[in-house]
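*Asks:* Provided herewith is a single structure, encoded as structure tokens, for subsequent inquiry.
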Amino acid sequence: MTNRQVFRFAPSPNGELHLGHVLSACLNREMADRSGGVMLLRMEDIDQARCTPAFERQITEDLRWLGIAWDGTVRRQSEHFDSYRSALGRLDAMGLVYPASMSRRQIREHVDAAEARGEAWPRDPDGQPHYPGIERDFSKAEREALTHSGHPYTLRLDTGKAVAAAGGDLTWRETGSGPDGARVVLKADPAGWGDVILARSDTPTSYHLSVVVDDAGQEITDVVRGQDLFHATAVHRLLQRLLELPEPRYHHHELLLGPDGKKLSKTHRDRSIRAMRDAGLSRRDVLDAIEDAPRSGRVGTVSVHS
């Protein structure tokens, strides 16, 4: 490995690129060029039901039309399921993974009942209730019965055990959300997420697991992505520590907002690059639209030291 900085743009080919995606791609390309590094392109296509080759082709066509080049060949997550299975196996061998069977409805009912009794149920940074974890203490026989039942299940990280196994404080280096963009070291709190999903019975990985394996496999030194993933970095740092993977630097940039004041998503069809192209807008028009779009504010941080 060289001393060059390695960035990546990693869209999911389950819809059209919108202005928010382009902002992230441009920042990755600019920061790579400024540092004399490279920018890689990764298709995060673990969701085989929604991700399609047609959307991938459209993404690459839109990037080329915008003049945003990437280095090397495209990495597709769907071609690396064995790597994710291997990482999951390591965590399982450490006793940190358990099968979980509760549906969203069952989780909601469980939490509602607890709160009706006056219990304060913990919620993750996205506002979702922590998984109850009733299967954490299942015996080996009970776990095997669950996984062989034919019913859907998830494989979850026992985050309490995982934090203990990781040992010591977890932090990350952030260049995007410090004062005036200054580089700071931030505290990571993976326990705030509860027992996150690492895989499903029909998919051998989740976003959290695949992204840390991919970043290590591609030797990514700098992760530049939107603020909507700021708090997820705590989970990623935990998995990196457990799997003995390198720690990249992180830069979480502002999000572009739609007319409803919420972050742009693939549902904002009028903000998609393809729709803008079809309407006759030029590359310059698209880049100007990014500059003019309203943006989210800075995410709050807990700094360990500057």
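The values are calculated or read from the model by the stated rules, or taken from the named source; none is laboratory data. Here the structure is a predicted model, which means the values were calculated and not measured. Here Cβ is always computed from backbone atoms with ideal geometry, including for glycine, and neighbour counts include all displayed protein chains.
*Asks:* In this structure, is residue 14 of a type outside the set (Gly, Ala, Ser), surrounded by fewer than 15 Cβ atoms within 10 Å (Cβ to Cβ) and farther than 30 Å from residue 140 by Cα?
*Replies:* No, not satisfied.
*Asks:* Then there is this: Of everything in the range 22-34, what is in contact (Cβ under 8 Å) with a residue 40 or more places away in the chain and of a type outside the set (A, V, I, L, M)? Give them in sequence order.
*Replies:* 24, 26, 28, 29 - these are the residues of the range 22-34 that are in contact (Cβ under 8 Å) with a residue 40 or more places away in the chain and of a type outside the set (A, V, I, L, M).
To keep it simple, each residue is scored yes or no on (1) surrounded by fewer than 23 Cβ atoms within 10 Å (Cβ to Cβ); (2) of a type in the set (Ser, Thr, Tyr); (3) assigned to a strand (DSSP E or B); (4) touching a Pro at 6+ places or on another chain (Cβ under 7 Å).
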| residue | (1), (2), (3), (4) |
| --- | --- |
| 198 | no, no, yes, no |
| 209 | no, no, no, no |
| 228 | yes, no, no, no |
| 238 | no, no, no, yes |
| 246 | yes, no, no, no |
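*Asks:* Let me ask something else. Residue 280: without any contact (Cβ under 8 Å) to a residue 40 or more places away in the chain, under 20 Å from residue 16 (Cα atoms) and surrounded by 16 or more Cβ atoms within 10 Å (Cβ to Cβ), yes or no?
*Replies:* No; evaluated as a whole, the condition is false for this residue.
Conditions (1) of a type in the set (Ser, Thr, Tyr); (2) at pLDDT 95 or above, marked per residue:
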position	(1), (2)
153	yes, yes
157	no, yes
161	no, yes
169	no, no
179	no, no
191	no, yes
194	no, yes
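*Asks:* Just to be sure I understand, how many residues within the range 6-41 are among the β-branched types (Val, Ile, Thr), within 19 Å of the chain's Cα centre (by Cα) and assigned to a strand (DSSP E or B)?
*Replies:* Qualifying residue count, the range 6-41: 1.
*Asks:* Does residue 69 meet the test of being part of a loop (DSSP other than H, G, I, E, B) and at pLDDT 95 or above?
*Replies:* yes
*Asks:* Next question, about the same structure. Could you check residue 45 against (1) in contact with a strand residue (DSSP E or B) (Cβ under 9 Å, 6 or more places away or on another chain); (2) in a loop (DSSP other than H, G, I, E, B); (3) farther than 23 Å from residue 235 by Cβ and say which number it fails?
*Replies:* Residue 45 satisfies every listed condition except (3).
*Asks:* Report the residue count in the range 40-71 for those that are buried (at least 17 other Cβ atoms within 10 Å of the Cβ) and basic (Lys, Arg).
*Replies:* Adding up the residues that qualify gives 1.
*Asks:* Within the range 96-132, track down each residue that is under 19 Å from residue 190 (Cα atoms), out of contact with any helix residue (DSSP H, G or I) (no Cβ under 7 Å at 6 or more places or on another chain) and of a type in the set (D, E, K, R).
*Replies:* 123, 126
*Asks:* While we're here: Does residue 223 count as outside any helix (DSSP H, G or I), in contact with a Pro (Cβ under 7 Å, 6 or more places away or on another chain) and either surrounded by fewer than 20 Cβ atoms within 10 Å (Cβ to Cβ) or modelled with pLDDT of 95 or more (or both)?
*Replies:* In short, yes.
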